[in-house]
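Below: the structure, in structure tokens.
The values are calculated or read from the model by the stated rules, or taken from the named source; none is laboratory data. What you see is a predicted model; the values in this text were computed from it and never measured. Note: ideal-geometry Cβ built from the backbone for every residue, glycine included; neighbour counts use all protein chains shown.
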Amino acid sequence: MSDYWGPLQMHDKTTQILDVQPYEPGHHFRRPFMTPYQIAIKFEENFPTEFNTIGKRVGGKDTGRHDSLAQYIALELSKRIKSREIINIEGRFLSRDYLDIIRYKYEGGPIVSSSGQAYDLSMFRRID
């Protein structure tokens, strides 16, 4: 997998995407989490040139590929949070217990999360 993280300033772009506020301003839960699919969809929307440079599909079940943009973002965020290279984003898991499907609205047609099958779903939020 090519290293786009540094050259495309992915940390800055991801931080910008995660700059969301809770529906209820000032809520004690702070910022909401976003799944890698949500981040990837927003990345394509906000940064189409960089999206095309990376050349990966957003992802989802039944895409026929195992190297999506959502997977790339989740892997890089996880790795860089663990190494403390990234300190302004935190990651967590959503349990897959009793989870059937998660469907995302997407201009190319709905995306169904593949993570409900075998893994807990990762999610990230900005913490600054």
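Within the stretch 5-30, the set of residues being buried (at least 17 other Cβ atoms within 10 Å of the Cβ) and either closer than 23 Å to Leu94 by Cα or in contact with a strand residue (DSSP E or B) (Cβ under 9 Å, 6 or more places away or on another chain) (or both) comprises His11, Thr14, Ile17, Leu18.
When you scan the stretch 62-70, do you find a residue that is at pLDDT 95 or above, touching a helix residue (DSSP H, G or I) at 6+ places or on another chain (Cβ under 9 Å) and either closer than 19 Å to Phe124 by Cα or loosely packed, with under 14 Cβ neighbours inside 10 Å (or both), even just one? So far as the stretch 62-70 goes, no, none of its residues is at pLDDT 95 or above, touching a helix residue (DSSP H, G or I) at 6+ places or on another chain (Cβ under 9 Å) and either closer than 19 Å to Phe124 by Cα or loosely packed, with under 14 Cβ neighbours inside 10 Å (or both).
Yes/no matrix, rows are residues, columns are (1) within 13 Å of the chain's Cα centre (by Cα); (2) exposed (fewer than 12 other Cβ atoms within 10 Å of the Cβ); (3) modelled with pLDDT under 90:
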| site | (1), (2), (3) |
| --- | --- |
| Ile54 | no, no, no |
| Ser114 | no, no, yes |
| Gln117 | no, yes, yes |
| Arg126 | yes, no, no |
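Comparison of Glu107, Glu45, Glu50 shows that the only residue that is without any contact (Cβ under 8 Å) to a residue 12 or more places away in the chain, assigned to a helix (DSSP H, G or I) and more than 13 Å from Ser122 (Cβ to Cβ) is Glu45. If you scan the stretch 12-60, which residues turn out to be touching an Asp or Glu at 6+ places or on another chain (Cβ under 8 Å) and within 17 Å of Glu85 (Cβ to Cβ)? Listed by number, the list holds a single entry, Lys13.
On the stretch given as the stretch 1-37, residues that are outside any loop (DSSP other than H, G, I, E, B) and at pLDDT below 95 total 2. Quick check on my filter: what residues within the stretch 71-96 are of a type in the set (Val, Ile, Thr), surrounded by 16 or more Cβ atoms within 10 Å (Cβ to Cβ) and either more than 21 Å from Ile111 (Cα to Cα) or touching a Lys or Arg at 6+ places or on another chain (Cβ under 6 Å) (or both)? Result: Ile81, Ile86, Ile89.
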